[in-house]
Amino acid sequence: MYHALDEQPSPIAIRPAVFAWQMRWLHEHGYRAIPLSRLVQCLHRNEPLPQRAVVITFDDGFESIYTAAFPILAEYGFAATVFLVTGYCGRQNDWPHQPLAIPCRPLLAWPQIRQLHEHGIEFGAHTITHPWLDRLAPADIEREVLASKAAIEDQLGHAVHVFAYPYGRYTPAVRAIVGRAFSGACSTRLGLVESGSDPLALERIEMLYLTQPMLFQWLAHPSFSFYLDLRRLARATAGTLLGRPWQ
C-alpha cells in the first residue's frame, strides 16, 4: 500500500529512491508483481495464490505515480493497481476532511491515466470525493461508489473490478454496495492476504512501515507476522487514543 513518492517526508509519501530499492530487491529475489484483479480472481475461484507474488497498490492517484513510480515499475516489468478519486483527477488532494498533516500534491490527470492504462497499469475506484463512507446515507454511498466506477470506465473503455475504501472505513452496508459493483476491495487492515481472505476486505501492508531495508527484507521471513502483530497493536492503541478505531 503506497500513496505518493516525494522527496519531502510526509505521512503518505516515501522517497523515490526508497521505492526504487524496494522494487529492485523484489525483482532480484524472484518476486513478481501482479494486478489486484488477478489476486481477487484466485480468491473467488479458490485457486492457489501465485507463488512469490506481490500486489502493488497506490491510493488516491498521485501524479508521482506517472513521473516517478511508473518508470521504476516498467524497468522490472511489474504491474500495479492505482485507486482514483475521480472527482479530483487533474487537481490536488484537497478534498473535504483531509487531515491537516497531509500535504497537497498534484493528482493524475486523465491523459496520464489513459497512458498508464495503455502500458498495463490497472485502475480501481476510490470514490468521487474521498469521504468517510461509513458516515454517509445509503444513497450517497451508492453515488460515491458507482459513479466513480462509471467515470473510470468511461475514460478508459475498460471494466473496473476493484475498489479501495477511503480511510479504510466501511460497514456491512458499505461492503454490500461495493460488492454489487466490484469483485474485490482493499481495506487498510494491516496484514498479508491468504487463501481465506475476504475479497471485499483485503489486507494490505502500509509501506511507510517498511522504509528501512532491514524491515523490508523481513517480508520474506516467516517471523514477519510478529512484526505485523506489533504494528496492529500500535495502530489500535493510537486509534483508541484519538477516538478513531482503525480497520
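Beta-bridge orientation, the chain: approximately 15 percent antiparallel, per DSSP, counting only bridges with both partners inside. Could you check which residue among P222, P16, P138 shows the biggest mean-square fluctuation in a GNM of the chain with a 10 Å Cα cutoff? Checking each option, the largest mean-square fluctuation is seen for P222. Give the shape of the stretch 168-233 as rounded, prolate or oblate, defined through the alpha-carbon gyration tensor: a ≥ b ≥ c are the square roots of its eigenvalues, a/c under 1.5 means rounded, and otherwise the shape is prolate if a/b is larger than b/c and oblate if not. In terms of gyration-tensor shape, prolate. The relative contact order of the chain, computed from alpha carbon pairs under 8 Å that lie at least 6 residues apart in sequence, is 17 percent.
Considering only T86, T127, T171, the Gaussian network model of the chain with Cα springs below 10 Å gives its largest mean-square fluctuation to T171. Here the gap between C104 and H158, fully extended at 0.36 nm per residue and compared with their Cα-Cα distance, gives a gain of 16.5 nm.
Among the helices of the chain, those built from whole DSSP H runs whose Cα atoms reach 20 Å or more along their own axis and whose mean Kyte-Doolittle hydropathy is at least -0.5 are 138-156, 224-242. If R0 equals 51 Å, the separation of the Cβ atoms of R231 and R143 corresponds to a calculated FRET efficiency of about 0.90. With a ≥ b ≥ c the root eigenvalues of the C-alpha gyration tensor of the stretch 62-206, is it rounded (a/c under 1.5), prolate (a/b larger than b/c) or oblate? The shape class here is rounded.
No lab work stands behind these numbers, since they all come straight from the coordinates. This one's a predicted model, so the numbers in the text were calculated from it and none came from an experiment. Ideal geometry is used to build each Cβ from the backbone, glycine not excepted, and the neighbour counts take in all protein chains shown.
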